[in-house]
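Contents: one structure, followed by commentary.
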Amino acid sequence: MVLTPRLACIATLVPQGARLADIGTDHGKLPLSLLIEGRIASAIGSDIGKGPLAHAARNAREHGVSLSLRLAPGLDAVRPEECDTVSIAGMGGQTIAEILQAAPWTADGAHLLLLQPMTMVYELRQWLWAHGYAIERETLCREDRRRYVVLSVRGGAEVREVPLSQCALSPALLQAPGAAEYLRHLLTREQRALAGMEQASRADNGRLTEQRALVHEIEQALEGLT
Ligand SMILES: C[S@@+](CC[C@H](N)C(=O)[O-])C[C@H]1O[C@@H](n2cnc3c(N)ncnc32)[C@H](O)[C@@H]1O
């Protein structure tokens, strides 16, 4: 089973022998490829949609591997003792936060969470820090022209309230291979957004101040990296 670069990147972060729960599994390719390679001990694939689960079941049958399928929103059909690693990929940052919020056991520190938000990455970092999750590692990958970040997260950390303007990056992101290139890309995007706000006839002063702080934060981090 061939994984796209984004899913292949997440697969490399799953520990050998893990008991994986993949939420929003869709076609089930991530857990199935790890099962086929014998890299994980067991896998649950959960999804809110019947169609995706039928697709995953077909793929599992074709490859002759055992993927436990669950039809439910988020982690509703997964018990904490059934897994040690949870992947939630290809969804918006807000949906990922809502899924974790509805399953407080994910903050127990015993589960590794691999989170790959498609949008609202800053908001997801802010939410994680505010709810006692530590971002242990960030991994960058590219697929076609899009850039993705995968957060390796664990609960059991102290609660930290961090302003959104400081959530464009994290200490873990700065350690990631490719961080400087990623930050240059972010900086261009945020500078463009700032210019748009400054030109708007009715600028919101609070948002302008926040956006300037965000741009400054990224510039400073880039200086430290280069
Ligand atoms: C874009 S696909 C991502 C599939 C795969 N995880 C990936 O990264 O390629 C999103 C999947 O998440 C499922 N989904 C969306 N919201 C969900 C939720 N709250 N709980 C469980 N599954 C959800 C959708 O049905 C869909 O199959």
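Throughout, read-outs are computed from the coordinates displayed, never taken from laboratory work. These numbers were taken from a predicted model, which means no experiment stands behind them. In this analysis, Cβ positions are derived from the backbone assuming ideal geometry, glycine residues included, and neighbour counts consider all displayed protein chains.
For this structure, a couple of remarks:
- Under 5 Å, built H, 5+ apart or other chain: amide partners of GLY132: ARG160
- The stretch 124-217: GluC sites (Glu not before Pro) in DSSP loop, at most 15 other beta carbons within 10 Å: GLU158, GLU161
- Taking Lys and Arg as +1 and Asp and Glu as -1, the other residues whose beta-carbon sits under 14 Å from that of GLY155 total -2.
- The stretch 180-225: radius of gyration and largest Cα-Cα distance (Dmax), Å: 11.3, 36
- Length-normalised contact order of the stretch 5-161 in % [C-alpha pairs under 8 Å, at least 6 apart]: 21 percent
- The trypsin sites (Lys or Arg not before Pro) of the stretch 56-150 that DSSP puts in a loop, and whose beta carbon has at most 16 other beta carbons within 10 Å, are ARG145.
- Helix-only mean residue ellipticity at 222 nm for the chain, each DSSP H run of n ≥ 4 adding -39500 (n - 2.57), per residue, nearest 500: -13500 deg cm²/dmol
- Annotation: amide H of ALA18 within the under-5 Å range of ALA41, sequence separation 5 or more or interchain, hydrogens built in the peptide plane.
- Fraction of antiparallel bridges per DSSP, the chain only, in percent to nearest 5: 40 percent
- Computed 3J(HN,Hα) for the stretch 107-112, one whole-Hz value per residue from the Karplus formula 6.51 cos²θ - 1.76 cosθ + 1.60 where θ = phi - 60°, is 8, 6, x, 8, 10, 8, glycine and proline marked x.
- For the chain, CYS83, CYS167 have no disulfide-compatible partner, since no other Cys C-beta lies under 4.7 Å from theirs.
- 5 angstrom amide H check on MET118, placed H, neighbours 5+ away: GLY90, MET91, GLY92, GLY93
- Per-residue 3J(HN,Hα) values for the stretch 60-67, derived from phi via the Karplus relation 6.51 cos²θ - 1.76 cosθ + 1.60 with θ = phi - 60°, read 5, 4, 4, 9, x, 10, 9, 10 Hz in sequence order (x marks Gly and Pro).
- Phi angles across the stretch 221-226 convert, under the Karplus curve 6.51 cos²θ - 1.76 cosθ + 1.60 with θ = phi - 60°, into 3J(HN,Hα) values of 5, 5, 4, x, 8, 10 Hz, Gly and Pro given as x.
- Sorted by Cβ neighbour density within 10 Å, fewest at the top, the residues SER165, SER46, SER68, SER87: SER68, SER165, SER46, SER87
- Taking ALA107, ALA203, ALA11 as the candidate residues, the one with maximal mean-square fluctuation in a Gaussian network model of the chain, Cα springs under 10 Å, is ALA203.
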